[in-house]
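In what follows, a structure is listed as structure tokens, so that the remarks can point back to it.
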Amino acid sequence: MANKDVRFSLHEHNNLEGRRIAFRRGGIAIRDLNAFRFNDQLSSFRLRNTEDRDEVTMILFADNNFRGSNRVYRGSTVVNSLGDFNDQASSLIVVGRRLSDSQVNHIISNRRPPSDVLFVRS
């Protein structure tokens, strides 16, 4: 249930293909995916919590600084194609718990990640 149990990987192409960035042992908020040279390149991802499969949430944003249209994913999952959101993600937040709709809406409206995750500013 803790952020330390979160694992996820971002992939440049559909079906978990292409360049990959893997994150282990922690929730994270990335204000600008250019920090990893991954802005507008995300096409698929794997997301999981190693202790409790349901206790993980990812929010993808189309713009930097947690702005723009977004997509929310809850629970351990593999997304082989982001469909209409392919190559659009510019920022993201991942936490090691299942956020409610109210919590997600609060993050989206305030553009602030939870305080218990690593915050990558640039």
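What follows draws every value from the coordinates through simple rules; no lab data is involved. Bear in mind that the values here come from a model prediction, so they are computed numbers and not experimental data. When we count neighbours, we look across all protein chains shown, and the Cβ atoms used for this are built from the backbone with ideal geometry, even at glycine.
Translational diffusion coefficient of segment 20-101 at 4 °C, 1.567 mPa s, Stokes-Einstein with Kirkwood Rh over Cα pairs, in µm²/s as a whole number.
Rounded to a whole number, D works out at 102 µm²/s.
Only Cα pairs within less than 10 Å get springs; with that Gaussian network setup on the chain, which residue of Ala35, Ala62, Ala89 has the largest fluctuation?
Taking springs between Cα atoms under 10 Å, the residue moving most is Ala35.
In terms of modelled amide H atoms, which long-range or inter-chain residues lie less than 5 Å from the amide H of Ala89?
Counting only residues 5 or more places away or on other chains, the set is Asp40, Gln41, Leu42.
Starting from the amide H of Gly26, placed 1.01 Å from N in the peptide plane, find each other amide H under 5 Å away whose residue is 5 or more places distant or on another chain.
Correct list: Val6.
Multiplying the sequence separation of Asp84 and Arg67 by 0.36 nm and subtracting their Cα-Cα distance, what value in nm do you get?
Gain in length upon complete extension: 4.4 nm.
Expressed in nm to one decimal, what extension gain is obtained for the pair Phe36 and Phe119 from 0.36 nm per residue of sequence separation less their Cα-Cα distance?
Taking 0.36 nm per residue and subtracting the Cα distance, the gain is 28.5 nm.
Would you mind computing Rg(Cα) / (2.2 N^0.38 Å) for segment 61-111, counting N as its residues?
1.14
Is there a quick way to get the dipole size of the chain? I mean about its Cα centre, with the Cβ of Lys and Arg at +1 and of Asp and Glu at -1; what is the value in debye to the nearest 20?
340 debye
Rounded if a/c is under 1.5, else prolate if a/b is larger than b/c, else oblate: which is segment 5-55, with a ≥ b ≥ c the root eigenvalues of its Cα gyration tensor?
Oblate.
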